[in-house]
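> The structure that follows is given in the form of structure tokens.
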Amino acid sequence: MTQAEIKLCSLLLQEHFGEIVEKIGVHLIRTGSQPLRVIAHDTGTSLDQVKKALCVLVQHNLVSYQVHKRGVVEYEAQCSRVLRMLRYPRYIYTTKTLYSDTGELIVEELLLNGKLTMSAVVKKVADRLTETMEDGKTMDYAEVSNTFVRLADTHFVQRCPSVPTTENSDPGPPPPAPTLVINEKDMYLVPKLSLIGKGKRRRSSDEDAAGEPKAKRPKYTTDNKEPIPDDGIYWQANLDRFHQHFRDQAIVSAVANRMDQTSSEIVRTMLRMSEITTSSSAPFTQPLSSNELEFVGKSGDSGGGMYVINLHKALASLATATLESVVQERFGSRCARIFRLVLQKKHIEQKQVEDFAMIPAKEAKDMLYKMLSENFMSLQEIPKTPDHAPSRTFYLYTVNILSAARMLLHRCYKSIANLIERRQFETKENKRLLEKSQRVEAIIASMQATGAEEAQLQEIEEMITAPERQQLETLKRNVNKLDASEIQVDETIFLLESYIECTMKRQ
Amino acid sequence: MAGNKGRGRAAYTFNIEAVGFSKGEKLPDVVLKPPPLFPDTDYKPVPLKTGEGEEYMLALKQELRETMKRMPYFIETPEERQDIERYSKRYMKVYKEEWIPDWRRLPREMMPRNKCKKAGPKPKKAKDAGKGTPLTNTEDVLKKMEELEKRGDGEKSDEENEEKEGSKEKSKEGDDDDDDDAAEQEEYDEEEQEEENDYINSYFEDGDDFGADSDDNMDE
């Protein structure tokens, strides 16, 4: 894992799970697979805390374990899965567009909790939906279950590998760790549950805004009494399926941009028909019959013509377009012209660049070197003589898309890490002010709950002066900008990662 | 290929014209320091995309961040003391649910190790066990006594027994979180007792209340 990726993982883990989990997680990413005691020893944390942190990480599918010989259990972190945390808002929003609020909340709960049983998910979502509905109305479990089943059918949620049910003929001691297995066929099989019930509205005395301080937390044990019918069957969000959807979206919009709306509709239909039948990383979709397009190649004549969408080519051209636009925005449109020229000609000499691009020699030279130094381009040496004398060698400029994409991806990781750090810095700088405004809000809310007068509320609000309000506004604007940038850089990351993955599979 | 480095001017090994500099022209200065941290860019970045989708995702992101902090998965580091006790702190206490992982799916070593296994993943049972204590306590105490005897520490006094009972009751009333503390406390207990055995047990003549009340004596 590159340093930039490790840094980004560390920032993400810290924001979402706290410093202890971050320390353990980063240690595992850096050093690979390790047993429990070694982790505790190397990070200098107590065994209990390491256990807690590992439980959390395993629950969220960020760390997996394996039993090695002599009963030692080793834990391994999945760095790429940690990086997916950046994409959570996108997953949730996509589900909202496809399955409306119910689906959105289901996926959100699954992502927030790592894995859950179906009954737990249905209950939580129903409760949440009931909160937002008007008084007196409640959300029925059945509707939530239906949406859940639809999500499972389209493979957006999948079952987690489960503990194999062993018959108790095994007399020896239980293994130190269960080996979880999953049957391919069962992955999307929804258990037959008859979930009857309605969402419950949270009593308002549970809210924090109420007057009394809560000295003792009520214990969360009420639900453990009833046996859960689908105990042990956990579900998680199927990120690969989401990625497939994003990829299809990107291709469809690319086609719509280059050609017209109808062509994009055709491509969309083709992709949709093959959604479930193709695995997420196949380079070609299953052959179907339709009309001809750029990314579509003909793969046979049966049934009036079988056509295939060349996914690899589509991703490659998307990645190339990304590179081109980066060059354009960083170095100017002349540079972009040179870049496209080199892409087109594959290998080209400096002299020829000046001629073809119609740019004066000095400028062309300058730009080529700038791009070379930033690793968008590379040089290919072709010696004329066996002694490789520099004066008698051809130097050809070329663009290697794969390595340029990798370089850009690395830069993206660094960018996001910078964005997150800056956001944390801004928040920390204004921490005092933020806390003050939170306190004022809390006081106002509590006063409103106990019925205070307008004048008193006004007085409390004036505790925050106008320049302070201004500062808060600016802070909010900046933080929003930084957050939005993170989300959008993540889109580029997704494109580049898909392209790199697809290309590596082919080789 | 030892070039004539010492004599006269350095000669280039390649045709300087090929790289684009004409002969005799001043080459650009050698840069002796790392590039600036925030370099000026000639081109300003493209403005961000805005739209319904983007705004919704932004709101989602910020909401998720806040929600994650309140989930039981967020393990907090113990905070330093606030300088002033604030009135509004009472209203901002966050209600965190307990989370108990499914132990069947995790390796056995993950479970918090307690001397009294009943205070493990079932807090309710622990409460009941806590009430009918004496038997379990004596068993564990006996176990401890054997252990300590093996280490050759001599006899245990009633005071130490009471200390252990006191701390055990407290530990049994706790949740999972407290169990970890109890484990730590019990570890402390052992250390404390070993150290205290250096002195005659009647050295502290505070009577039976010593040690049974507060656990603060455990911390050094």
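Conditions (1) closer than 23 Å to A:Leu419 by Cα; (2) assigned to a loop (DSSP other than H, G, I, E, B), marked per residue:
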| site | (1), (2) |
| --- | --- |
| A:Glu441 | no, no |
| A:Ala445 | no, no |
| A:Ile464 | no, yes |
| A:Lys476 | yes, no |
| A:Val479 | yes, no |
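> Filter the range A:17-48 down to residues that are over 21 Å from B:Glu76 (Cα atoms) and not in a helix (DSSP H, G or I) and give me whichever is farthest from the chain's Cα centre (by Cα).
Once the filter is applied, the top-ranked residue is A:Pro35.
> Residues being touching an Asp or Glu at 6+ places or on another chain (Cβ under 6 Å) and open to solvent by less than 10 Å² (accessible area, probe 1.4 Å): count how many of those fall in the range A:1-15.
Of the residues in the range A:1-15, 1 are touching an Asp or Glu at 6+ places or on another chain (Cβ under 6 Å) and open to solvent by less than 10 Å² (accessible area, probe 1.4 Å).
> Report, by residue number, each residue of the range A:56-94 that is over 30 Å from A:Thr154 (Cα atoms) and within 7 Å of chain B (Cβ to nearest Cβ).
A:Val73, the sole residue that qualifies.
> Which residue, of A:Gly103, A:Gly32, A:Gly18, A:Gly44, is open to solvent by less than 20 Å² (accessible area, probe 1.4 Å) and out of contact with any Asp or Glu (no Cβ under 6 Å at 6 or more places or on another chain)?
Step by step, each of A:Gly103, A:Gly32, A:Gly18, A:Gly44 is checked, and only A:Gly103 is open to solvent by less than 20 Å² (accessible area, probe 1.4 Å) and out of contact with any Asp or Glu (no Cβ under 6 Å at 6 or more places or on another chain).
> Then there's this: If I ask for residues that are of a type in the set (A, V, I, L, M), open to solvent by 70 Å² or more (accessible area, probe 1.4 Å) and away from chain B (no Cβ under 14 Å), which ones from the range A:439-498 would you list? Can you show your working first?
Taking the range A:439-498 as the starting set, the residues that turn out to be of a type in the set (A, V, I, L, M) are A:440, A:442-445, A:447, A:449, A:452, A:455, A:457, A:460, A:463-464, A:466, A:472, A:475, A:479, A:482, A:484, A:487, A:489, A:493, A:495-496.
Okay, now just the ones that are also open to solvent by 70 Å² or more (accessible area, probe 1.4 Å), so A:449, A:463, A:466.
Listed by number, the list holds a single entry, A:Ala466.
> Let me ask you something else. Could you say which residue among A:Thr97, A:Thr138, A:Thr117 is more than 14 Å from the chain's Cα centre (by Cα), open to solvent by 40 Å² or more (accessible area, probe 1.4 Å), β-branched (Val, Ile, Thr) and within 12 Å of chain B (Cβ to nearest Cβ)? I'd like the intermediate steps shown before the answer.
Details: A:Thr138 fails: within 12 Å of chain B (Cβ to nearest Cβ); A:Thr117 fails: open to solvent by 40 Å² or more (accessible area, probe 1.4 Å).
Exactly one residue qualifies, and that residue is A:Thr97.
This table checks each residue for (1) at pLDDT 80 or above; (2) under 45 Å from the mean Cα position of the chain (by Cα); (3) closer than 30 Å to A:Thr450 by Cβ; (4) more than 9 Å from every other protein chain (Cβ to nearest Cβ).
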site: B:Gly6; (1), (2), (3), (4): no, no, no, yes
site: B:Thr13; (1), (2), (3), (4): no, no, no, no
site: B:Glu54; (1), (2), (3), (4): yes, yes, no, no
site: B:Gln82; (1), (2), (3), (4): no, yes, yes, yes
site: B:Tyr91; (1), (2), (3), (4): no, yes, yes, no
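> What's the total number of residues in the range A:379-429 that are within 12 Å of another protein chain (Cβ to nearest Cβ) and within 30 Å of A:Asp483 (Cα to Cα)?
Matching residues across the range A:379-429 total 8.
> Filter the range A:52-80 for residues that are crowded, with 18+ Cβ neighbours inside 10 Å and part of a helix (DSSP H, G or I) and give the result.
Restricting attention to the range A:52-80, the residues satisfying the condition of being crowded, with 18+ Cβ neighbours inside 10 Å are A:52-60, A:62-63, A:65, A:73-75, A:77, A:79.
Listed by number, the residues that qualify are A:Lys52, A:Ala53, A:Leu54, A:Cys55, A:Val56, A:Leu57, A:Val58, A:Gln59, A:Cys79.
> Can you find a residue in the range A:325-341 that is over 25 Å from B:Pro45 (Cβ atoms) and within 14 Å of chain B (Cβ to nearest Cβ)?
no
> Among the numbered conditions (1) in contact with a helix residue (DSSP H, G or I) (Cβ under 7 Å, 6 or more places away or on another chain); (2) surrounded by fewer than 23 Cβ atoms within 10 Å (Cβ to Cβ); (3) under 30 Å from A:Ala484 (Cβ atoms), tell me where A:His27 comes up short.
For A:His27, the failing item is (3).
> Another question about this same structure. If you check every pair at least six apart or on different chains, which have Cβ atoms under 9 Å apart with a residue in the range A:352-374 that is open to solvent by less than 20 Å² (accessible area, probe 1.4 Å) first and a residue that is acidic (Asp, Glu) and assigned to a helix (DSSP H, G or I) second?
Close Cβ pairs satisfying both conditions: A:Ala364/A:Glu354.
> Within the set of pairs 6 or more residues apart or between chains, which connect a residue that is part of a helix (DSSP H, G or I) inside the range B:55-73 to a residue that is of a type in the set (Asp, Glu) with Cβ atoms less than 6 Å apart?
B:Leu58/A:Asp483; B:Lys61/A:Asp483
The values are calculated or read from the model by the stated rules, or taken from the named source; none is laboratory data. Given the structure is predicted, the values throughout are model-derived calculations rather than measurements. Using ideal geometry, Cβ is built from the backbone for each residue, glycine included, and neighbour counts are taken over all protein chains shown. Quick note on the areas: whole protein, heavy atoms, side chains included, nothing else; ligands and nucleic acids left out. Shrake-Rupley method; radii C 1.70, N 1.55, O 1.52, S 1.80 Å.
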